[in-house]
1. Would you please put 43-49, 145-151, 99-105 in order of how densely packed they are, using the mean number of other Cβ atoms within 10 angstrom per residue and starting with the highest?
2. Quick check on packing: order 114-121, 65-72, 35-42 by the mean number of other C-beta atoms within 10 Å, highest mean leading.
3. So for the pair ILE32, THR78, with labels modelled 7 Å out along Cα→Cβ, what separation do we get in nm?
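Quick note: the coordinates plus some simple rules give every number you see, no bench work behind them. Bear in mind the structure is a predicted one, so any value in this text is a computation, not a measurement. Backbone-built Cβ (ideal geometry, glycine too); neighbour counts: all protein chains shown.
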Amino acid sequence: MPKQINKKLSINSATASPLGGEIKRGALAFTIPELPSAAKKLLLTFPDKKIFAFYGVMGAGKTTFIKSLCEALGVNETVSSPTYSIVNEYISSKGEKIFHFDFYRINSLSEAYDMGYEEYFYSNAYCFIEWPEKIAELLPADYVKVNITVKDQVRTLDFSIDKYNS
């Protein structure tokens, strides 16, 4: 049985941004069995945000966490990594579109332009983005940054969440 991890999402600071709005920082640690609960907590912490950018090393659990987010939003179909297709589209139980991106294999920003990234990012649909560092200058000003790390032999994912308001 994995050890219990503190399940509370703590907001460490909320300060005024030089760009206006608020910067919100926090962390959430959990084990694999706690993924569904952690996904719901992240969505509840940012109820008005639709763009989530996931940073982490290969194998950190970005795709696994995005699967849990999709399940929390009521996606009934199989959620898989869009490694080769770059984007997968899902429909929530409320009929809302959800886009899951994996930019790992793109070689230039022109590939993101060619796929019409703007239509996705500015559609007011959920966009869950893996490897956002490959398209950093294309990310909207208002997104949730999620850093995923793994510690110890118990698979633990730690999140730092930044909320930037434009």
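1. Those peptides, ordered most packed to least, come out 99-105, 145-151, 43-49.
2. Going from most to least packed, we get 65-72, 35-42, 114-121.
3. That separation, rounded to one decimal, is 1.9 nm.
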